[in-house]
Amino acid sequence: MAQFKSAVGTRAPGAYFLFGEEDYLKAQYLKMLRGDYEKDSAASLNYIRFEYKDDTGSETLQNAASSASFFGVGTGKLIEIDIFDMASFTPAQLDVFCASVENAAQYGDHIIVIRVSAGCFDYGTLPRRPSSSYQTLAAVPGLFMVHFAPAANASLCTWIEKHVIYEGLNISRSTCEELILRCGNKMSVIAEEIKKLCACAKANHLEIVTENEIALICTSSLEIDAFDLANAILERNIPRALSALRDQEMRRTEPVIVLGGIFRVISGLLVVKQLLCANDSPSKIAAATGMHEYAVMQYIKNARKYDFNTLESAVLYCRDADMQIKSTRLGYIALERLICSI
């Protein structure tokens, strides 16, 4: 991590593999790293970004690294690579990827950043039991592995305080802890909840964000996780859905509770889809469903992605999974089957 932080500040050349569950921090560091590349129209000619999907990504990387810089030797490029499904890489595909990164890193002048989305790369348990994929990548000469693990609660509290103060408000340490307890420890989730809290406090002419506002408008982590899991299932993103399911299993959440959350989200999306087709406004949908308007906007955004058949069949699959959980000892296996069936 120290090597990458230094590169962000000094624009030092190198190849960096960003992985782990904290996507928010990855995005923030990349935003800082892009800096002049995005602001300066001339410098932007040396900024290349693409998604690595298959072996054609290897060719794209080689072309980006080997082609001459627009401003001559010593003015390297920023090459940013997004990977959204590394869990599906075969050993042969991983070897091709590693070879292409090793070759690209040898050009020396460039900053190469590979960002893997949360839940899309099995890195094992660090540092004691890294996965074979992690070990293969860590062995690539010139590639630095940068782990973005969830922040400790103490660090999160300090981060929350800074964000609230930036908005011109105050918040106590105990209120920060209550926010983490309710919403979980993912920065991307907490950042959105802070926006809601500050908007609510300002609308009510408050100077201090309290636990009352958290109880009033913040979404619990169980609801947030259910929403993310249900949408991963509907999008047929099996690696992300299974990763989210493993999180619930590690927390020892009862399978029937996990399924209940998934069902509520999918049935809610179906209802919102029907109301959208009737040309109802967000405020009317909120009144009809009893949802908060902020939640309604999230449901509207996602309901537009899916057709009626997908949502209706998903409801039926949930019913079947419910019967399996309640009539057998399958437990989480029934949920895994649900994920792989839709």
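Taken together, the values in this text are just the output of simple stated rules run on the coordinates, not laboratory data. Keep in mind that this is a model prediction, so the values were computed, not measured. Cβ: placed from backbone, ideal geometry, glycine included. Neighbour counts: every protein chain shown.
Compared with the alpha-carbon gap, the fully stretched path from GLU293 to ASP320 is longer by 6.6 nm at 0.36 nm per residue. Among the listed pairs LYS53/LYS196; LYS5/LYS186; LYS26/LYS196, a Cα-Cα separation exceeding 25 Å is found for LYS53/LYS196. Judged by a Cβ-Cβ distance under 4.7 Å, the unpaired cysteines of the chain are CYS98, CYS120, CYS183, CYS198, CYS200, CYS218, CYS277, CYS318, CYS340.
Rounded to the nearest 500, the 222 nm mean residue ellipticity of the chain from helices alone is -19000 deg cm²/dmol, with -39,500 (n - 2.57) taken per DSSP H run of at least 4 residues.
So which lysines pass the test for LYS284, namely a Cα distance under 19 Å, with those fewer than 8 places away in the same chain ruled out? Those lysines meeting the cut-off are LYS273, LYS301. Each peptide among 107-114, 249-256 gets the average number of other Cβ atoms lying within 10 Å of its residues, and from highest to lowest they stand as 107-114, 249-256. Karplus-based coupling profile of region 110-117, in residue order and whole Hz: 8, 9, 10, 10, 9, 10, 10, 5, with θ = phi - 60° in 6.51 cos²θ - 1.76 cosθ + 1.60 and x standing for Gly or Pro.
The C-alpha atoms of the chain define a longest principal axis, and helix 153-166 lies at about 90 degrees to it. Using a ≥ b ≥ c from the Cα gyration tensor of region 140-247 (square roots of the eigenvalues), is it rounded, prolate or oblate, where a/c under 1.5 gives rounded and otherwise the larger of a/b and b/c decides, a/b for prolate? Since a/c reaches 1.5 but b/c is at least a/b, the shape of region 140-247 is classed as oblate. The angle between the Cα long axis of helix 308-327 and the longest principal axis of the Cα atoms of the chain comes to about 70 degrees, rounded to the nearest 10.
In this structure the amide hydrogen of PHE144, modeled in the peptide plane, comes within under 5 Å of the amide hydrogens of ALA15, TYR16, PHE17, none closer than 5 places in sequence on its chain. Given R0 = 45 Å, the distance between the Cβ atoms of GLU102 and GLN274 translates into a calculated FRET efficiency of 0.30. Can you check what the net charge comes to around CYS318, using other residues whose Cβ is under 13 Å from the Cβ of CYS318 (Lys, Arg +1; Asp, Glu -1)? Net charge around CYS318: +1. Each residue of region 6-23 is assigned a 3J(HN,Hα), and the resulting list reads 5, 5, 4, x, 10, 6, 6, x, x, 10, 10, 10, 9, 9, x, 8, 8, 5 Hz, derived from the Karplus form 6.51 cos²θ - 1.76 cosθ + 1.60 (θ = phi - 60°), x at Gly and Pro. Of ILE79, VAL8, VAL272, whose Cα points farthest to the positive end of the dipole of the chain (charges on the beta-carbon: +1 Lys, Arg; -1 Asp, Glu; origin at the Cα centre)? Sorting the options by dipole projection puts first VAL272. If you place +1 on the Cβ of every Lys and Arg and -1 on the Cβ of every Asp and Glu, how big does the dipole about the Cα centre of the chain come out, in debye to the nearest 20? It works out to roughly 240 debye.
Straight-distance candidates among the aspartates and glutamates for linking to LYS77, with alpha-carbon spacing under 17 Å and chain neighbours fewer than 8 residues away dropped: ASP36, GLU38, ASP40, GLU51, GLU59, GLU102, ASP109.
In order along region 55-69, the Karplus-derived 3J(HN,Hα) couplings, from 6.51 cos²θ - 1.76 cosθ + 1.60 at θ = phi - 60°, round to 5, 5, x, 5, 5, 4, 5, 4, 5, 5, 6, 7, 5, 5, 5 Hz, and Gly and Pro are given as x. Within the shell of other residues whose beta carbon sits under 11 angstrom from the beta carbon of ILE238, the net charge comes to -1, with Lys and Arg scored +1 and Asp and Glu -1. Gain on full extension, evaluated as 0.36 nm per residue between LEU94 and ASP55 minus their Cα-Cα distance, stands at 13.1 nm.
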